[in-house]
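Student: To start, I am sharing the structure in question, which I have written as structure tokens.
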Amino acid sequence: MSCTQTIMDYGLRSLGIGERLLPKTDFTLCHQFTLIGSGILWNIYFGVCALVVGFFIANAVALAKSSSNPLLSKPANLFILVFRGSPLFIQFFLAYFIFLRMKQAGVLPFLTVAQWGALVVLIFNTAAYSAEIFFGALKSIPKGEVEAAEAYGMTGWSKFRRIIWPTQMRLAWPAYTNEAIFLFHATTLVFFSGFPTWRQQGDALYYASYFADKTFNPFVPYPILAFYFVLVSLAVIGLFGLINRRLNRHLPQAQRPRLRYRPQIIR
């Protein structure tokens with residue numbers, strides 16, 4: 001079988017398109033690159049959806065935490081404490097247990113599937129970390145900018161939309177970029193989370209583990225997995241770098257903050 005045929009047969013297998021049965025023997029590099037690359041589509045799905053939804057939740061939680069009303073600030077602090085204070089791996093297992101009980105009660109049964117239940121956990125986890133980043137940026141906004149906005153007659157929503165929120169994003173964006181990269185790396189934990197996949201349509205780590213078990217050689221599939229995640233990380237850095245330049249377009253070139261990737265070894 002040619003590599004082109006292998007790509008046609010297995011390139012979208014993780015989405016349920018193409019061959020249903022995994023190859024059993026005669027594994028080639030093309031098989032491994034194709035199937036692990038197919039699985040990375042689910043990691044991208046988890047990462048993108050969690051980032052988009054988590055971004056809005058994080059902004060709301062950061063504002064609630066900064067509120068002087070304890071009915072808003074205390075729940076926000078508790079949310080951040082729970083999801084930042086416990087390991088993501090444990091959150092997956094606890095969530096699956098809760099969703100399984102909900103399914104038995106006939107409530108939202110689809111949450112026991114990895115594509116939905118694991119996504120909910122990733123959304124809440126990244127929202128908690130991002131909310132702390134945004135809260136720190138919110139408290140770092142120079143008072144002079146807020147006072148200048150008030151001097152121009154801006155109040156309420158107008159002041160927040162035109163002055164506070166853009167400045168908050170500009171200050172938080174470098175740290176938020178690192179959180180986005182780490183989130184994509186954290187999607188590999190879905191494989192160990194207990195959430196079942198449908199018809200073996202797993203993520204990239206699922207296929208890498210499959211080849212490692214079948215060939216008894218982990219030094220081929222896992223570097224391929226790492227290669228794909230390096231590409232994803234570079235794409236995130238490039239995209240977030242463009243957004244960072246957009247956020248800082250009003251500053252002189254020498255004063256624009258540069259993105260620096262600082263990997264988190266322990267979370």
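The values are calculated or read from the model by the stated rules, or taken from the named source; none is laboratory data. None of these values were measured; they are calculated from a predicted model. So basically every Cβ, Gly included, is an ideal-geometry build from the backbone, and we count neighbours across all protein chains shown. For accessibility, only protein heavy atoms count, side chains too; no ligands or nucleic acids. Shrake-Rupley method; radii C 1.70, N 1.55, O 1.52, S 1.80 Å.
Student: Determine the distance separating the Cα centre of region 1-54 from the Cα centre of region 75-115; give it in Å without decimals.
Tutor: Centre-to-centre (Cα) distance: 28 Å.
Student: If the rule is a partner Cβ under 4.7 Å, which cysteines in the chain fail it?
Tutor: Cysteines lacking a close Cβ partner in the chain: C49.
Student: Connecting C-alpha atoms closer than 10 Å in a GNM of the chain, tell me which of L138, L72, L41 has the biggest fluctuation.
Tutor: In this elastic network of the chain, the residue with the biggest mean-square fluctuation among L138, L72, L41 is L72.
Student: Report, to one decimal in Å, the Kirkwood hydrodynamic radius for the chain based on all distinct Cα pairs.
Tutor: 20.7
Student: In nm, give the distance between the simple-model label positions of L72 and T28, each being 7 Å from the Cα along the Cα-to-Cβ direction.
Tutor: Taking the simple label geometry, L72 and T28 are separated by 6.1 nm.
Student: Most fluctuating residue of A180, A58, A149 in a GNM of the chain with Cα springs under 10 Å: which is it?
Tutor: A149
Student: With no solvent and one equal point scatterer placed on each C-alpha of region 31-121, evaluate the Debye formula and give log10 I(q)/I(0) for q = 0.10, 0.15, 0.19, 0.24 Å⁻¹, two decimals.
Tutor: Debye intensities relative to I(0), on a log10 scale: -0.38, -0.77, -1.04, -1.17.
Student: Give the angle, between 0 and 90 degrees and rounded to the nearest 10, that separates the Cα long axis of helix 165-186 from the longest principal axis of the Cα atoms of the chain.
Tutor: 20
Student: Using only Cα atoms, find the angle between the long axis of helix 88-104 and the longest principal axis of the chain, and express it within 0 to 90 degrees, rounded to the nearest 10.
Tutor: Tilt relative to the chain: about 80 degrees.
Student: Shifting gears a bit: Under a 1.4 Å probe, what is the accessible area of region 1-99 per residue, stated in Å²?
Tutor: 55
Student: Of the heavy-atom accessible surface of region 14-134 (probe 1.4 angstrom), what whole percent is carbon and sulfur?
Tutor: Using a 1.4 Å probe with all protein chains present, region 14-134 comes out at 74 percent carbon and sulfur.
Student: Further question: Can you work out the accessible area per residue across region 155-217, with the rest of the protein chains kept in place, probe 1.4 Å, in square angstrom?
Tutor: For region 155-217, the solvent-accessible area averages 44 Å² per residue.
Student: Pairs of lysine in the chain with Cα under 18 Å and at least 8 positions apart or on different chains: total?
Tutor: Taking the chain as the scope, the lysine pair count is 6.
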